[in-house]
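The values are calculated or read from the model by the stated rules, or taken from the named source; none is laboratory data. Values in this document were obtained by computation on a predicted structure and should not be read as measured data. Because the Cβ atoms are built from the backbone with ideal geometry, glycine has one as well, and the counts that use them run over all protein chains shown. Heavy atoms of the whole protein, side chains included, go into the accessibility calculation; ligands, DNA and RNA do not. Shrake-Rupley method; radii C 1.70, N 1.55, O 1.52, S 1.80 Å.
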Amino acid sequence: MARYLFAFNGPLPLPADDLRLIQQQTQLLDTSRRTVLVDADTEQHIQSLAQQLPDWTVSPETVVPIPGTRPTVRSTPD
């Protein structure tokens, strides 16, 4: 399963009918003010859902690792 973000581009609040449709066809993981995080089986399923929701944009979730802040030795002392 892959995770996707649905971002709402219309006026707030989020349409209840759209949220209900998203929840019926995917596994709803989290919602925020304008975005919804879902888990879905296939990308084709997500694309067909996105065509039914014209005010939403869909993108796959990207994970950016947090850089390490621990000091490291760059070279050995002479």
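Taking into account only those residues within the stretch 34-54 that are among the charged types (D, E, K, R) and modelled with pLDDT of 90 or more, which is least open to solvent (accessible area, probe 1.4 Å)?
Asp39
Quick check, is Val58 surrounded by 14 or more Cβ atoms within 10 Å (Cβ to Cβ) and not in a helix (DSSP H, G or I)?
When the stated conditions are applied, Val58 passes them.
I'm trying to understand the selection: among the residues of the stretch 51-74, which are free of Cβ contacts under 8 Å to residues at least 24 places away in the same chain and aliphatic (A, V, I, L, M)?
Residues satisfying the conditions are Val63, Val64, Ile66, Val73.
Count, please, the residues in the stretch 32-78 that happen to be in contact with a helix residue (DSSP H, G or I) (Cβ under 8 Å, 6 or more places away or on another chain) and among the acidic types (Asp, Glu).
The qualifying residues number 1.
Pairs please, first residue from the stretch 1-30 and polar (S, T, N, Q), second anywhere and open to solvent by 90 Å² or more (accessible area, probe 1.4 Å) and at pLDDT 90 or above, Cβ atoms under 8 Å, 6+ apart in sequence or on different chains.
Filtered contacts from the stretch 1-30: no entries.
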